[in-house]
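Values quoted throughout were computed directly from the atomic coordinates according to the rules given, and no laboratory measurement underlies them. Note that this is a predicted model, so its numbers are computed, not measured. Methodologically, a virtual Cβ is constructed for each residue, glycine included, from the backbone with ideal geometry; neighbour enumeration extends over all protein chains shown.
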Amino acid sequence: MDTNKRIGLIAVGLFLGAVVLVLLALRGGDLLAPTEKATELPLVDCDPQQTPCTATLPDGGSVTVSFEPRPVRPMQDFTLRLTSKGTTVEKAVVAFTGVDMNMGLNRFVLEPDGDGLRGTVILPICVRNRMAWEARLRLATPAGVYELPLRFETQKQ
């Protein structure tokens, strides 16, 4: 490859990287680059691939997370719904990470939707047939910011 093509490819890569950073800053706001420390909640003993999962917050309220449709499959859109009881979730973002394999940056902002918040999510495909994931929800409530982890597995069709 000649030098001019190499320089052109590097310039395009830098430009696309800058665009992604700007989009993340605009979409994620303060939750994607948090300055406020969050209270880490224990791992929820529930599989969101099977049923909605509910966690109690330190302020006495609770949140329920559900995936629709189930089961979640790689490279297929699904909806993550978050509802709350006894508290108000003002903002929420979810980050999906591979439990035992780096699967890149997979963050989604949840938007208000009638009785709660929701976001459309798509997870990348993995070379493995089964992939273990952790969904880490960052929730901003009037009582503080919480991080709620959930674990589940996806399987290729």
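Observations on the model:
- Net charge, R136 excluded, C-beta distance under 15 Å - Lys, Arg +1, Asp, Glu -1: +2
- Cβ-Cβ distance of V99 and S62, R₀ of 25 Å, FRET efficiency by 1/(1 + (r/R0)^6): the value works out to about 0.50.
- The label-point distance for F78 and T54, in a model that sets each label 7 Å from Cα toward Cβ, rounds to 2.1 nm.
- Inter-probe distance in nm under a simple model that places probes 7 Å from Cα toward Cβ, at D113 and A143: 2.5
- The lysines whose alpha-carbon is closer than 27 Å to the alpha-carbon of K85, local same-chain residues fewer than 8 away aside, are K37.
- Net +/- balance of residues flanking P48 in space, Cβ distance below 15 Å, scoring K and R +1, D and E -1: +1
- Note that the range 138-143 has calculated 3J(HN,Hα) couplings of 10, 10, 9, 10, x, 8 Hz, one per residue in order, obtained from phi through the Karplus relation 6.51 cos²θ - 1.76 cosθ + 1.60 (θ = phi - 60°); glycine and proline are x.
- FRET efficiency, 1/(1 + (r/R0)^6) with R0 30 Å, evaluated for L43 and K156 via beta carbons: 0.75
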